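Following: one structure in structure tokens, then a few remarks.
What follows draws every value from the coordinates through simple rules; no lab data is involved. What you see is a predicted model, and the numbers here were worked out from it, not measured in a lab. We place every Cβ from the backbone using ideal geometry, glycine too, and count neighbours over all the protein chains shown.
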Amino acid sequence: MVALIESVVSGRRSLLKGAALVGGLQVASPFIIKARGETPVKLGMVDPITGSLSALAVTEVEGAKWTVEQINKSGGILGRPVELLIEDSANDTGTGVQKTHKLIERDNVDAIIGDVNSGIAYAMMGVTKEKGILHIVPGGHTDPITGTDCAWNTFRTCNTTAMDTSAITGELVKRFGKKWFFITPDYAYGKTLQANFVKKLTALGGEFQGDMLPIATSDFSATLIKAKAYKPNVLLNNMGGSAQINCMKQFLQFGMGKEMALGGALFELESVRSVPKEAQAGWWCMEWYWNTPDVPAVKTFVDAISPVIGRKPTARHWMAYVSIHAVRLAAEKAKSLKGIDMARALADLPLPPEVSLMSGNIRYRAGDHQLMSNIQIGEMHPPAKDPDDLFTVAATVTGDEAAGSVESTGCKMVFPS
Amino acid sequence: MFQVVMFNLTNGLIVGAFYVLMALGLSMIINLSNVVNFAHGNFLALGGYFAFMLTPYVGFWGALLISPLLTAVFGYAIEQLLIKHVYARNHIYSLLLTFGLGFILQDVCRFFWGPSPLPLGIPDSLSTPITADLFFITWYRVFMVAVVIVAVSGLFAFLKYTRVGMRIRAGTLDLDTVSALGVNVAALRSYNFAVGSYLAGLAGVLAAGQIGLNPNMGDDLIMPSFIAIIVGGVGSLTGTLLGGLLIGVAAALTTVFYPAASEAVIYVIMAVVLLLRPRGLLGEEGMLS
Amino acid sequence: MNALIRHKYATTAIIWALLLTVPYWLPMFGGYTALAGRVLVFAMAAMSFNLLLGFTGIMSFGHAAYFGLGAYGCGLFLKYVTASTPLAMLAGTLLGGIAGTLFGLLLVRRRGVYFAMVTIAFGQVCFYIAYKWDDFTGGYDGLRGFARAALDFGAFKIDIANNSTAFYFFILAVFGLAAILQAFLLKSPFGRTMLAIRENERRARFLGLPIEKHIWLSFSISCFFTALAGSLYALLNNFADPLGLNYIMSGNIVMITVMGGMRAFWGPLIGAVLFVALQDYVSSMTTNWMFFVGLTFVCVVLFFPRGLMGMFQKGART
């Protein structure tokens, strides 16, 4: 009996020691979020830092942190220092909503930024609208956020599927032809994306076939067999995350790259970096790319942020950057941090090139609060000299051209009286 | 049409073979120790990550040999440190323990290797299709099936012809008697867990070569394993083998006709089996009930 | 009144006193009212689950299915039928409860690990349907487009839609009602039978008790209460999503119950407080919160299997 207790106790001790050691490592790690202090302007950011979307969320958060540091160096917002409070939504809606409540009710933030996951972004919109807090969605792509479900307090930085499809369809048809095959994830985002592609393609007289697959499909052989038999000009890879990567790899392994072109809407740099060289291919839209020589502000930004993050910034860094500066500009124009004042100020507010990192009239359109950013179409390729030189721009389409009219989005913007 | 169906049937067997490998490890642990290892998917991921670390030094083939062994050792360690304390208790504790362990392992993978997907380089000779006609069967898939066949045969041979194997088999039927016959049951359970982990690690290396590495990779694969076991019958390894192949083939064939439902069909099969033959295809009545 | 009964009444009184005054003391500890609401919803789900685990001895690891079905039932009702909160809650409770009752019929002969595995599988089927049937349920993105409606009693209105404090008390009221019903159930002859099954199933069978029927009943009742908790969850978030159905949520419910003490009536409430506070606090401190939560699970299982309340109870072994 005594021996038993002794063995359990010693086992306990070594386990506790081990746990303390690893626990200590964790706490000391660079993942700690900034400590809360007594600062006046507070921005709350909710992103899925853990979970399947973490690769994208982590770069967004990185961009946000750096941006806030820069803003503080040049005087903050309305002369007050800015503090960024970051919460992990863990890719779970309940958690995202809870954290939004926490940031608003307990931490009294002045604006909310998030989420990468569109479903969570929606749920958060419910809370931010109820509380009248300015809400910027930097990287959640589903159309209704600035479409049928638009809200007076919500603005979105990244593109809609309507914009991306508009931008790239013409180019793909011109270069390769009108017979397309779609591989699309079977959920709201995928369905909207494909529907928009189909609309633009059929307007140009094209024809298509396609398969709707589960989001996390890892084996595409059956669909690729079908695609090969159809002999399209272009294969559209609409999948996301790991599924997109696997689809590309298998497409190339099966030698189909010789028979048809490959394209799609988004292939984010975070994913591109993690595929083997042969899979760094195809024609895609970039919401923003670090190598944009004709906009000098881009080089300034890239040169400033690259040493800090250790590599070139991606579109996600840009999304966070623009979103936070948008809050700053809105506050400065409205001379107030009240949600409704900032929202009114931000609508149609032209963003200067140092903020938008693009040329042209870049602004959050008043009708739907969607950022009219430029979309770059081009080809993905293995790195030339710089390890991040993965994309060559062939054409640029302005947001206004690509987005279509406000009516077409279905948004009816209503401001509270 | 016939050709398409044949293509997909072959493909289904290939995918099914992979499920079999995953599910067998899980099944072995359930059968002997009554522990549902929720962290099995994370052991798979670890196997893949170990291979990632080893490949620069010993190449893919070396990683394939060594990484599952490392995973087995790791599994053995976990069993000794954590799991063996809960055998005597209510089963809910072992479920919770492995559940919590899964969280820990997933975060450890994220911490050491980052949240972004990582590629595992496979030899070029394996990346090409076997013939122009059968373009979707790359040598890597053939290789995977070959590995699975070798592993499964090895497992069954181990269980049938070696002393430890026989004891494990006897233990799944009646552990008390085995213990009364003087066998060290604690050691037996540890070896069994190590074997199960070995299979998970092996599956991990194979999966990593195919779909790349990320900390969540085990999550999607653990459900089909559960279903393979339930469909085949809890307590029967042959059942698990059949179950895995069945769901692989079913999913593949469904993709021909209605691709969006290819995931659903495995749940449907499970529901049908539970309704019509609750003990599973080859399960024994009274096993673990 | 002897010491034991006095002790029990005192515990209950203290717990109620704390719960009723939450909006006043919680902010002092860095909490916020929505957090308290979340604690109560999870506590309710865990207490309902505990009817099965702690008091009947049956291990279901897929209880999130009924929780999620309750949430979807409530949300779908509010979205497609009418904006009436009480009716929506009824719809949710019925959906989850009836699903559980039907499913229970399949399960009653199984025990142990097999039972657990099948409940997990059923949970995943529900998860899968919720996420696949996206025209109806909103799929992967979840069900949105509904909001809790104010309660209109004709003479006066309780605005639970916009007033967080009012909503908290509403949740507390529902929680209280459920707790009272569960307490009555446990004290009744049926409740005694449940305990008998937990302690020694074979002996109970020899006494002539229809075991399978009782287990089925216990399972069904547990599912109804869990579904009620689920509908509150939908009202709390104004959202229902497939992750509320999957095995990770199930695992959390089990852990809450065990952490608080599965042999104690109020155990799951304590467990919910600990778990939600832990998760909330740790995930704000570090992105490695999963490690700490997992570590807590492991430590509870190894070192505190009888949970927090269990440490105050004498006697019974697990």
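Which of rounded, prolate or oblate describes segment B:1-122 when judged by the alpha-carbon gyration tensor and an a/c cut-off of 1.5?
Judged from the Cα gyration tensor, segment B:1-122 comes out oblate (a/c at least 1.5, b/c at or above a/b).
Using the structure shown, list the pairs from A:K73/A:K333; A:K174/A:K228; A:K178/A:K312; A:K73/A:K312; A:K191/A:K231; A:K42/A:K335 with a Cα-Cα distance above 26 Å, or answer none.
A:K178/A:K312
What is the projected area of the convex hull of the Cα atoms of segment B:12-217, averaged over all directions, in nm²?
Over every viewing direction, the Cα hull of segment B:12-217 projects on average to 12.2 nm².
Please identify the cysteines of the protein assembly as shown that lack any partner cysteine with a Cβ under 4.7 Å from their own Cβ.
Among the cysteines of the protein assembly as shown, those whose Cβ sits 4.7 Å or more from every other are A:C158, A:C247, A:C285, B:C109, C:C74, C:C126, C:C223, C:C299.
What's the percent breakdown of Cα-Cα distances in chain A across 10 Å bins, shortest bin first?
5, 22, 31, 23, 12, 5, 2, 1, 0
Using the Karplus curve 6.51 cos²θ - 1.76 cosθ + 1.60 with θ = phi - 60°, what ³J(HN,Hα) values do you get for each residue of segment A:101-115, in whole Hz, with x for Gly and Pro?
Computed from phi, the couplings for segment A:101-115 are 4, 4, 5, 7, 7, 8, 8, 6, 6, 9, 7, 10, 10, x, 10 Hz.
Top mean-square fluctuation among B:A51, B:A200, B:A264, Gaussian network model of chain B, C-alpha springs under 10 Å?
B:A264
Checking the cross-link filter: which lysines have an alpha carbon closer than 22 Å to that of C:K213, excluding same-chain neighbours under 8 positions apart?
C:K187
Calculate the length of the line joining the C-alpha centroid of segment A:204-255 to that of segment C:196-224, in whole Å.
Taking the Cα centre of each part, segment A:204-255 and segment C:196-224 sit 53 Å apart.
So what is the relative contact order for chain B, in percent, with contacts set as C-alpha pairs under 8 Å and at least six apart?
For chain B, the relative contact order is 36 percent.
For C:C74, B:C109, what ranking results if the residue with the fewest other Cβ atoms within 10 Å of its Cβ goes first?
B:C109, C:C74
Exactly which chymotrypsin sites (Phe, Trp or Tyr not before Pro) in segment A:159-267 are in a DSSP loop and have at most 10 other Cβ atoms within 10 Å?
Here no chymotrypsin sites (Phe, Trp or Tyr not before Pro) fit, given the DSSP loop and packing criteria.
If each DSSP helix of 4+ residues adds -39,500 (n - 2.57) and the sum is divided by the residues in chain B, what number results at 222 nm, nearest 500 deg cm²/dmol?
-25500 deg cm²/dmol
Which residue fluctuates the most in chain A, going by a Gaussian network model with Cα springs under 10 Å, if the choices are A:L193, A:L78, A:L235?
A:L78
Semi-axes, largest first, in whole Å: what does sqrt of 5 times each Cα gyration tensor eigenvalue give for segment C:3-310?
28, 24, 21
Answer with one residue from A:V272, A:G170, B:G41: the one whose Cα lies farthest towards the positive end of the charge dipole of the protein assembly as shown, charges on Cβ with Lys, Arg +1 and Asp, Glu -1.
It is B:G41, whose Cα lies furthest towards the positive end.
Which helices pass in chain C if a helix is a full DSSP H run, must span at least 24 angstrom along its long axis by Cα, and must have mean Kyte-Doolittle hydropathy not below 1.6?
Membrane-span-like by this criterion, though nothing is claimed about a membrane: C:85-107, C:164-187.
Springs between alpha-carbon pairs under 10 angstrom, Gaussian network model over chain A: which of A:E270, A:E259, A:E287 fluctuates most?
Among A:E270, A:E259, A:E287, the largest GNM mean-square fluctuation belongs to A:E259.
Cα gyration tensor of segment B:126-209, axes a ≥ b ≥ c as square roots of the eigenvalues: rounded (a/c below 1.5), prolate (a/b > b/c) or oblate?
Verdict is prolate for segment B:126-209.
Taking the highest mean first, how do the peptides B:168-180, B:121-133 order by number of other beta carbon atoms within 10 angstrom per residue?
B:168-180, B:121-133
Sort C:F265, C:F184 so the one with the fewest other Cβ atoms within 10 Å of its own Cβ comes first.
Fewest to most other Cβ atoms nearby, the residues stand as C:F184, C:F265.
Can you compute the charge dipole magnitude of the protein assembly as shown about its Cα centre, using +1 on each Lys and Arg Cβ and -1 on each Asp and Glu Cβ, nothing else charged? Give it in debye, rounded to the nearest 20.
Computed about the Cα centre, the dipole is about 2760 debye.
Where the centre of each part is set by its Cα atoms, how far does segment A:106-139 sit from segment B:235-287, in angstrom?
Centre-to-centre distance over Cα atoms comes out at 42 Å.
Work the Kirkwood hydrodynamic radius out for the protein assembly as shown: mean of 1/r over every pair of different alpha-carbon atoms, inverted, in Å.
So the Kirkwood estimate lands at 29.7 Å.
Output the antiparallel fraction of DSSP beta bridges having both residues in the protein assembly as shown, as a percent to the nearest 5.
The antiparallel fraction comes to roughly 35 percent.
Using only helices, what value at 222 nm comes out for chain C when you add -39,500 (n - 2.57) per DSSP H run of length 4 or more and divide by the total residues, to the nearest 500 deg cm²/dmol?
About -23500 deg cm²/dmol.
5 Å is the cut-off here: which amide hydrogens, built 1.01 Å from N in the peptide plane, fall below it relative to A:M45, excluding neighbours closer than 5 in sequence?
Answer set, sorted by chain and number: A:L85, A:I86, A:E87, A:I113.
How large is the dipole of chain C about the Cα centre if only Lys and Arg carry +1 and Asp and Glu carry -1, each at its Cβ, rounded to the nearest 20 debye?
Taking the Cα centre of chain C as origin, the dipole is about 1280 debye.
May I ask which residue of A:I104, A:G339, C:P268 lies farthest towards the positive end of the charge dipole of the protein assembly as shown, with charges of +1 (Lys, Arg) and -1 (Asp, Glu) on Cβ and the Cα centre as origin?
Projecting each Cα onto the dipole axis, the largest value belongs to C:P268.
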